[in-house]
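Worksheet for the structure shown next.
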Amino acid sequence: MSFAKVHTRSVIGLNAPQVLVEVHLSQGLPALIIVGLPEASVRESKDRVRSALINSGFEFPNRRLTINLAPADLPKDGARLDLPIAMGILAASGQIDDKVLDGFEFIGELALNGELRDITGALSVARAIKSDTVKRTLIAPTANAHEAVKVGGVTVLAATTLDAVCRHLDVVSGINKNPADLLPIVDIPTQDDEVSYALDLADVKGQHHARRALEIAAAGGHSLLFKGSPGSGKTLMASRLPSILPPLTDEEALEVASIYSIAGVAHRFGERPFRQVHHTISSAALVGGGSKPKPGEISLGHKGAVFLDELPEFDRKTLETLRQPIEAKEIIISRANSQVSFPADFQLIAAMNPCPCGYHGDPSNRCVCRPEQVKKYQERLSGPLLDRIDLHITVPALPIDDLQNAPTGEPSSAVRTRVIAARNIAIRRQGKANYELTPRELDQVATLGDAEQQMLKIATARLNLSARSYHRILRVARTIADLAGSEQIGTAHIAEALSYR
């Protein structure tokens, strides 16, 4: 047999399209040619595969090798194709039985001594195999196998070396009669019923108005801006947001874990992400990009929160890139030969000082900024960006006496119970959280009485609110009503929602 086919996967965004590795041995001068849009890491695999085969005790064919990665118009990158290429060479050269290969998919990077190394995107590969009509067994490096098995419904085998994979296939084909050479099937890990967070809202003393806004933001999925002097507790409260959010569903947890798997960043499965971004970040790092598109911070914050501290210190062009993802909940990165989409359903939590020195409006009168400096500082943020933030909260500095004598704040568990109840009300009513409501859906689920309409009409005229702000106020009012257990939005709910603009 001088021809073999091996099944594997490429990874583009969160998708893992199938790739067929075709290997053909022919007469001619010894050479190894890889075709099918391989990128640099794939082209370099020929040297890793050659050394891995020889050091694992196999023979590298001294003939002309042509390797085609089909479909030919799909870009292939990453070292995950090392193992399937090696298996194709072994099958085409008759060193393993090619008939058993059709029941497996292979991913993994090869070390020069034949050991298997971890790759990125294993969860995306497992999710793609699960959704495929033909169910194949996935053979992957040990760490990736334990990651991939979280998908469920996919048989995953853990391998440490190229030789171990070949011995397993020999047992399957009947050449090897030793069952001890079979690769272990990875069991689905047991998950804790509830993910615990190290940071708790009980650490926040006082600041009842800001805590209330944080609870509303969690219940409705709304964006939030804290504004106050240094040390008033803005970062302290923002970092506690994940602890009061509802737990992720199984599908949401897998989607979040898939993003982190592609990015190669450690993540605790089932935990709501919280990404604290430094103000020197570039646009590509924030929203994603690069020659080979990778997820940015807003995608790493998917189903969680992205915290931008010192908001006016960010580059204005960088902040403007957030305007579209905040609305669309995804980011599309276009390149000359491909277009990649990453989910970006995140809560934007931001914090800023009122002026360069940070003490404008503080009762201590410590501010040393001139009026034009304050105005210039606040104008660093564009109106369209601020218009897309649902809740604007002033966080006053807490006097030392109040800080020392204030009782311990309400714990996250108690707040989370109310948040989950409000979210459940929204899900039963409209099938989604309130921040996802379209204007047409708002007309159906956020109907107003005459008094509420008049209040909102007057406020819109006095505050010069845009149509976007009008709809955001309605979404926040709907969330406030849900927290109160009210089916109808009342004037009190409208008034509170307006106070956050």
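When you go through (1) among the basic types (Lys, Arg); (2) part of a loop (DSSP other than H, G, I, E, B); (3) modelled with pLDDT of 90 or more one by one for ARG211, which number turns out not to apply?
(2)
Which of the residues belonging to region 464-498 are surrounded by 12 or more Cβ atoms within 10 Å (Cβ to Cβ) and more than 24 Å from VAL415 (Cβ to Cβ)?
Quick first cut of region 464-498, residues surrounded by 12 or more Cβ atoms within 10 Å (Cβ to Cβ) only: 465-466, 468-484, 486, 489-498.
Matches in region 464-498: LEU465, SER466, ARG468, SER469, TYR470, HIS471, THR491.
Do we find a residue being in contact with a helix residue (DSSP H, G or I) (Cβ under 9 Å, 6 or more places away or on another chain), outside any loop (DSSP other than H, G, I, E, B) and not polar (S, T, N, Q) anywhere in region 367-383?
The answer is yes; a qualifying residue exists.
Do you know which residues across region 127-141 are assigned to a loop (DSSP other than H, G, I, E, B) and either at pLDDT 95 or above or within 17 Å of VAL100 (Cβ to Cβ) (or both)? Full working, then the answer.
Within region 127-141, the first condition is being assigned to a loop (DSSP other than H, G, I, E, B), and the residues that meet it are 132-136.
Once the filter is applied, which keeps residues that are assigned to a loop (DSSP other than H, G, I, E, B) and either at pLDDT 95 or above or within 17 Å of VAL100 (Cβ to Cβ) (or both), region 127-141 yields VAL134, LYS135, ARG136.
What number of residues in region 71-100 are surrounded by fewer than 23 Cβ atoms within 10 Å (Cβ to Cβ), aliphatic (A, V, I, L, M), more than 20 Å from ASP170 (Cβ to Cβ) and in contact with a helix residue (DSSP H, G or I) (Cβ under 8 Å, 6 or more places away or on another chain)?
Number of matching residues: 1.
Answer yes if at least one residue in region 308-330 is touching a helix residue (DSSP H, G or I) at 6+ places or on another chain (Cβ under 7 Å), hydrophobic (A, V, I, L, M, F, W, C) and in a strand (DSSP E or B), and no otherwise.
Looking through region 308-330, none of the residues is touching a helix residue (DSSP H, G or I) at 6+ places or on another chain (Cβ under 7 Å), hydrophobic (A, V, I, L, M, F, W, C) and in a strand (DSSP E or B).
May I ask you to verify whether ILE389 is in the same structural domain as THR235 (by TED's automatic domain parsing) and either outside any loop (DSSP other than H, G, I, E, B) or acidic (Asp, Glu) (or both)? Step through it out loud before you land on a result.
On the way: in the same structural domain as THR235 (by TED's automatic domain parsing): yes; either outside any loop (DSSP other than H, G, I, E, B) or acidic (Asp, Glu) (or both): no.
Taking the combined requirement at face value, the residue does not satisfy it.
Starting from residues that are touching a Phe, Trp or Tyr at 6+ places or on another chain (Cβ under 7 Å) and of a type in the set (A, V, I, L, M, F, W, C), keep the ones in region 307-332 and report whichever is farthest from GLY383 (Cα to Cα).
Restricting attention to region 307-332, the residues satisfying the condition of being touching a Phe, Trp or Tyr at 6+ places or on another chain (Cβ under 7 Å) are 307-308, 312, 330-331.
Filter once more, keeping what is of a type in the set (A, V, I, L, M, F, W, C): 307-308, 331.
Numbers: PHE307: 19, LEU308: 17, ILE331: 22 Å.
The extreme case among them is ILE331.
Mind checking whether some residue in region 141-152 is among the hydrophobic types (A, V, I, L, M, F, W, C), assigned by TED's automatic domain parsing to the domain that holds ASP47, more than 35 Å from the chain's Cα centre (by Cα) and under 26 Å from ASN55 (Cα atoms)? Write out each step before concluding.
Within region 141-152, the first condition is being among the hydrophobic types (A, V, I, L, M, F, W, C), and the residues that meet it are 143, 145, 148-149, 151.
Those still in the list that are assigned by TED's automatic domain parsing to the domain that holds ASP47 too: 143, 145, 148-149, 151.
Subset that is more than 35 Å from the chain's Cα centre (by Cα): none.
Among the residues of region 141-152, not one is among the hydrophobic types (A, V, I, L, M, F, W, C), assigned by TED's automatic domain parsing to the domain that holds ASP47, more than 35 Å from the chain's Cα centre (by Cα) and under 26 Å from ASN55 (Cα atoms), which makes the answer no.
Test ASP345 against the stated conditions and say whether it is under 25 Å from LYS292 (Cα atoms), assigned by TED's automatic domain parsing to the domain that holds ILE216 and in a loop (DSSP other than H, G, I, E, B).
So ASP345 fits the description; yes.
In region 155-177, what residues are assigned to a helix (DSSP H, G or I), more than 38 Å from the chain's Cα centre (by Cα) and charged (D, E, K, R)?
ASP170
Can you find even one residue in region 245-253 that is assigned to a loop (DSSP other than H, G, I, E, B), touching a strand residue (DSSP E or B) at 6+ places or on another chain (Cβ under 9 Å) and under 30 Å from CYS355 (Cβ atoms)? Give the steps one after another, and end with the answer.
Taking region 245-253 first, the residues assigned to a loop (DSSP other than H, G, I, E, B) are 245-249.
In the following step, the residues that additionally are touching a strand residue (DSSP E or B) at 6+ places or on another chain (Cβ under 9 Å) were identified as 245.
Right, trim to under 30 Å from CYS355 (Cβ atoms) and you get none.
Looking for residues that are assigned to a loop (DSSP other than H, G, I, E, B), touching a strand residue (DSSP E or B) at 6+ places or on another chain (Cβ under 9 Å) and under 30 Å from CYS355 (Cβ atoms), one finds none in region 245-253, hence no.
If you go through region 433-470, how many residues are within 33 Å of the chain's Cα centre (by Cα) and assigned to a helix (DSSP H, G or I)? Explain how you work it out, then say what you get.
Looking only at region 433-470, we keep the residues that are within 33 Å of the chain's Cα centre (by Cα), and these are 433-446, 465-470.
Add one more test, that the residue is assigned to a helix (DSSP H, G or I), and what stays is 434-436, 439-445, 467-470.
Residues meeting the conditions: 14.
The values are calculated or read from the model by the stated rules, or taken from the named source; none is laboratory data. Note that the coordinates shown come from a computational prediction; the quantities given were computed from them, not determined experimentally. Cβ: placed from backbone, ideal geometry, glycine included. Neighbour counts: every protein chain shown.
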